[in-house]
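Below you'll find the structure, written out as structure tokens, and then a few comments.
What follows draws every value from the coordinates through simple rules; no lab data is involved. This is a predicted model, so every value here is computed, not measured. We place every Cβ from the backbone using ideal geometry, glycine too, and count neighbours over all the protein chains shown.
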Amino acid sequence: MAATDHRPPAPPASAGPGDDLVLAPRLRDLRQAAGLTLESAAARAGLSAAHLSRLESGLRQPSLPVLLGLARMYGTTVSDLLGETAGEPDPIVRGATAAAVPAGGWTYWRAGGNGRAMQALRLHIPAEAGAQRALVRVHPGEEWLYVTGGTLELTLGERVHTLAPGDSAHFDSLVPHRLAATGGTGADVLFVHTLMQSETSALCVGPPPSRTSAAHRGPTTH
């Protein structure tokens, strides 16, 4: 029997480049508050200075892994980068009012409170997510995910796992990992990761290493 599609509602029409009006100056303010030049911050984040400059100018949207990496580097949360006020931590997140945020072909919704040691998100990963489909991630911390709809292909090191609705995974984020959706409807995922600040290479993103060379080199850092 085919799995029921529990895909979250489509993002509102207003979600998109307008979000950069908050994100771009926030990225610039955090960098300046840390006393970092554009070049030094870009090097710590594993980005080019030109790429970071475009993010800070609102000329380019960060992919989800880049957004997570910048949050880790600055010791903050994705919610803070997006301009959500912290205030008194609220244990309740209402799905009806959670804003959909597109990033690198994926769509995500905040599913946890601000200022916590863990960040919780709801993700929708399209079956064809462009460059993100080939991205390999390596960073400090742990990740837990639970598939609510569609089929998710999770690569952990050299092993590939197919997860159906109701399946979950809990792993060390230092294990090279990759997420991709299979099937026409994509995959819907509950995703929790620990927030750990790292001086350098907080998030390594690159194409999957070939099996013949994986033992000799790690994922490429951009």
### Message
Using only alpha-carbon positions, what ratio does the radius of gyration of the range 135-180 give when scaled by 2.2 N^0.38 Å?
### Response
1.08
#### Entry: Length released on extending from residue 127 to residue 34, taking residue separation times 0.36 nm less the Cα-Cα span
29.7 nm
### Message
How charged is the neighbourhood of residue 95? Take every other residue with its Cβ under 11 Å from the Cβ of residue 95, and add Lys/Arg as +1 and Asp/Glu as -1.
### Response
+3
### Query
What FRET efficiency do you get for residue 22 and residue 190 if R0 is 30 Å and r is their Cβ-Cβ distance, rounded to the nearest 0.05?
0.75
### Task
Determine the sum of side-chain charges near residue 138: Lys and Arg each +1, Asp and Glu each -1, restricted to other residues whose C-beta is under 11 angstrom from that of residue 138.
+1
